[in-house]
Each structure stands twice: as C-alpha cells, then as structure tokens.
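Here the structure comes first, spelled out in structure tokens, and everything after it is commentary.
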Amino acid sequence: MLDPGNMRIFVALDLDEEVRKRIQLFVDELRGFAPSARWITPESLHITLKFIGEKPEPLVKQIDGALGHLAVPPFRVTFSGTGFFPTPRAARVFWVGIETESGLAELAHKIEDSLVQLGIPKEQRAFSPHLTLARASGDSGTPGWRKGDKPNRRFASLQQRVEHSPPPNFGTMTAQEFFLYRSQLSPKGSRYTKIAHYRLIG
C-alpha cells in the first residue's frame, strides 16, 4: 500500500547479494582514504534508471501503472572499474563503472517514454549508468559539470590509492526485475524503500 501525501520517488535496479558484498568490502577498504566524504551504505546501492522527484499519491499510482506495462527481457550487468564525476581534478562523486547488454538502456528509454505521457519531463543528459559510492561532503550526486566546479583535493588520497591499485571487478548479475523506490531524507542520509516491483519479461 502506498503511503498518503507526497513522495520523493525514483526507478532503479537492485543488486545481487554477491555483487553487493564485494562492493561493501571494497568500500570498507577505501573509506579511510576519504573520511570526510559521505559514503553510501551497502544496503542502499542501486542503479538509478529515472529520478522522478516529489509527487502526490494519485500520480504515484499512475506511475506505478505505467511502469507495470513495460516489456524488456532480462539482461546481464557487469560491475567493474571506478571513476570520478565530473572530472578527477574537480571530483564530486566517486563511482563504480557498469558494463551491460543493450537491455539496460532500452529499459531506461522505455521508462522515460512511459512517464513523459504523465507530464514527467525527460532527462536532458544522456543515460550514464553507474553506482555512486561516495559524495564529497556537502555536495549533491549530480554527475554533470556545474558552474562553480573547480579543482579540489577532497578526494586526493582516495584518487592516489585507486590509481595505484588494479581496477576492481565486482562480478556480473542478470537483472530480472526493477523497482519504484521512495527516498526519505534524514540527518543520517537518505533512506530508500521499495514501494513497487516489476518483472523483466521478453
């Protein structure tokens, strides 16, 4: 049952438990190299397909209905390598890379097309799948370049550690489903709750 009132929502893929455990060990090893960053909790790791924002309950129900009609077959996703947004010199976000079959982009495009009919605007940026691991303290997770971004050393120790280590590989999973999530902000960070579930079918 969906909660009454406005909800901050987004659409995302969840991770297989084995992939999540490997990433958790990796984060535990690196956390000390950027202690002031906001590191994501392992249980909240996900691949965002579409951030929707604050919406009233009747529209959330319409979104749920629209997403339930999408048909995309399951696809494989590999998690490997790391990087920084928007650039290494002006790093604001530390991420894990994603390699995938065409199904992920197809799913993201179908989500966009289905929601634009409900008055939800399409993303201006090209779809760029990644897993956010850490954000510089006080910054958002926006991946693109923003006015005011300038060289900084907030992730300097972490970057040095990553540069001198072999690229990590966290494994491959087959995506079989995706979810509508609710995001609730708190002083301890965002809390994510799955409020609807959709199977991938070919």
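We did not get these values from a lab; they are worked out from the coordinates using the rules stated. Just so it is clear, the structure is predicted and the values come from calculations on it, not from any experiment. Using ideal geometry, Cβ is built from the backbone for each residue, glycine included, and neighbour counts are taken over all protein chains shown.
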* Estimated [θ] at 222 nm from DSSP helical runs (n ≥ 4, -39500 (n - 2.57)) normalised by residues in the chain, nearest 500 -> -7000 deg cm²/dmol
* Report the chymotrypsin sites (Phe, Trp or Tyr not before Pro) located in the range 18-127 that are in a DSSP loop and have at most 15 other Cβ atoms inside 10 Å of their Cβ, or state none. => 127
* To do: Treat each spin label as a single point 7 Å out from the Cα along the C-beta direction, and report the residue 195 to residue 161 distance in nm.
  => 3.6
* Take the Cβ-Cβ distance between residue 31 and residue 69 as r, set R0 to 41 Å, and report the resulting FRET efficiency rounded to the nearest 0.05. => 0.50
* Just tell me which aspartates and glutamates come within less than 13 Å, Cα to Cα, of residue 122; anything on the same chain fewer than 8 places away is out. => 112, 113
* For the chain, what is the charge dipole size about the Cα centre, in debye to the nearest 20, if Lys and Arg each add +1 at the Cβ and Asp and Glu each add -1 at the Cβ? -> 840
* **Long pairs among 55/194; 21/188; 21/55, criterion Cα-Cα beyond 25 Å** => 21/55
* Asked: For the range 1-78, what size does the Cα cloud have along each of its three principal axes, sorted from largest down, in whole Å?
  -> 44, 32, 19
* **Partner aspartates and glutamates for residue 110 [C-alpha distance under 16 Å; skip if fewer than 8 residues away on the same chain]** => 64, 101, 123, 177
* To do: Report the calculated FRET efficiency for residue 43 and residue 177 (r = Cβ-Cβ distance, R0 = 30 Å), to the nearest 0.05.
  => 0.95
* Asked: Taking Cα atoms, how many degrees apart are the long axis of helix 17-30 and the longest axis of the chain, rounded to 10 and kept between 0 and 90?
  -> 30
* Structure fact -> Dipole check, the range 7-199, charges on Cβ (K,R +1; D,E -1), about Cα centroid: among 173, 74, 53 the Cα furthest to the positive pole belongs to 53
* Would you mind counting up the charge near residue 51? Only other residues with Cβ under 13 Å from its Cβ, with Lys and Arg at +1 and Asp and Glu at -1. => +3
* **Around residue 79: net Lys/Arg minus Asp/Glu count, Cβ-Cβ under 15 Å** => -2
* Note the angle between two axes, namely the Cα long axis of helix 103-116 and the longest principal axis of the Cα atoms of the chain, as a number of degrees from 0 to 90, rounded to the nearest 10. => 50
* residue 153/residue 125 FRET efficiency (R0 25 Å; Cβ-Cβ; nearest 0.05) -> 0.40
* Asked: How big is the Rg/Rh ratio for the chain, C-alpha atoms only, Rh by Kirkwood, two decimals?
  -> 0.96
* Structure fact -> Under Stokes-Einstein, the range 157-202 at 4 °C and 1.567 mPa s, with its Kirkwood radius over C-alpha pairs, diffuses with a coefficient in µm²/s of 89
